[in-house]
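J.: After the C-alpha cells below, expect a handful of questions from me.
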Amino acid sequence: LAQVQAFVNATQGVAKHITVIMNDRAENQWDVLQDTIQQNFDVEINDELLHLVMVPASMYTGGALFPVGTVDITFTNYALNWLSKVPTVFEGMYIHDLASECEDHLKWHLQQHEDLSDFLTNRSVEIAIGGFLILGIQARNHRTGS
C-alpha cells in the first residue's frame, strides 16, 4: 500500500487517472486485497482518480498480461523470490544451505534464471516507452553464501 500511496501523492495534480494493476497467483485472497485497497483509497476511487485492476494469473507464464506499451510503472517487491515450480525436492535443509555446485542447487538456480527471464520478457512488452520497472529482489552472493 505504501508504494501505491507514494505514487498517488507524487502524481497529485498531474495525473488525471491512475490504474493500479495487481497481479498474483489465482489462489491469492483477492477479496481481501479489494477490501484493503477500497478502505485505504476510498476517496481516490470515488473521485475516479484511482482504478484497481486485479489479474489472477502467473507473472511468469502466458505472455504479456496487459496490452503492449500501456504500463508506465511496473513494481515488484520480493514476488520474484517465488518460483513458478519446484525444480527438485530435498530433505533436511534449505536451498540456501546447499553447496552451490550440487545438482539440486543448480536446478533451483536454472529455474530462477528461467523465471526471471520470462518475467522480464513479458514485462518488456507491456511497459510504455519511458516507463519504469522497479524490482525488489532478495539475493545472496553465491561465492560467499551471504
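The values are calculated or read from the model by the stated rules, or taken from the named source; none is laboratory data. These numbers come from a predicted model, not from an experiment. Methodologically, a virtual Cβ is constructed for each residue, glycine included, from the backbone with ideal geometry; neighbour enumeration extends over all protein chains shown. Ligands, DNA and RNA are stripped out before the accessible areas are found, and what is left, the full protein with its side chains, is counted by its heavy atoms. Shrake-Rupley method; radii C 1.70, N 1.55, O 1.52, S 1.80 Å.
J.: Just for region 112-127: of the residues that are open to solvent by less than 60 Å² (accessible area, probe 1.4 Å) and in a helix (DSSP H, G or I), which one is farthest from Y60 (Cα to Cα)? Even if it seems obvious, please write down each step before you answer.
T.: Here is the first cut: in region 112-127, the residues open to solvent by less than 60 Å² (accessible area, probe 1.4 Å) are 115-119, 122-123, 126-127.
Now drop any that are not in a helix (DSSP H, G or I), which leaves 115-119, 122-123, 126.
Numbers: D115: 6, L116: 8, S117: 9, D118: 5, F119: 5, N122: 8, R123: 9, E126: 13 Å.
Taking the candidates together, the pick is E126.
J.: Tally the residues that are in contact with a helix residue (DSSP H, G or I) (Cβ under 7 Å, 6 or more places away or on another chain), among the β-branched types (V, I, T) and more than 11 Å from H51 (Cα to Cα), restricting the search to region 1-26. It would help to see each step written out before you state the result.
T.: Initially, region 1-26 is screened for residues in contact with a helix residue (DSSP H, G or I) (Cβ under 7 Å, 6 or more places away or on another chain), giving 1, 8, 18, 20, 22.
Next cut, among the β-branched types (V, I, T) only: 8, 18, 20.
Those still in the list that are more than 11 Å from H51 (Cα to Cα) too: 8.
Residues flagged as in contact with a helix residue (DSSP H, G or I) (Cβ under 7 Å, 6 or more places away or on another chain), among the β-branched types (V, I, T) and more than 11 Å from H51 (Cα to Cα) within region 1-26 amount to 1.
J.: Can you give me the ranges of the strands (runs of 3 or more DSSP E) entirely in region 1-109 with at least 3 residues that are open to solvent by less than 80 Å² (accessible area, probe 1.4 Å), farther than 19 Å from T121 by Cβ and at pLDDT 80 or above?
T.: The qualifying strands (runs of 3 or more DSSP E) are 18-24, 50-56.
J.: Conditions first: (1) open to solvent by 70 Å² or more (accessible area, probe 1.4 Å); (2) of a type outside the set (D, E, K, R); (3) touching an Asp or Glu at 6+ places or on another chain (Cβ under 6 Å). G131 passes all but one, so which condition is the exception?
T.: Here G131 meets the rest and fails (1).
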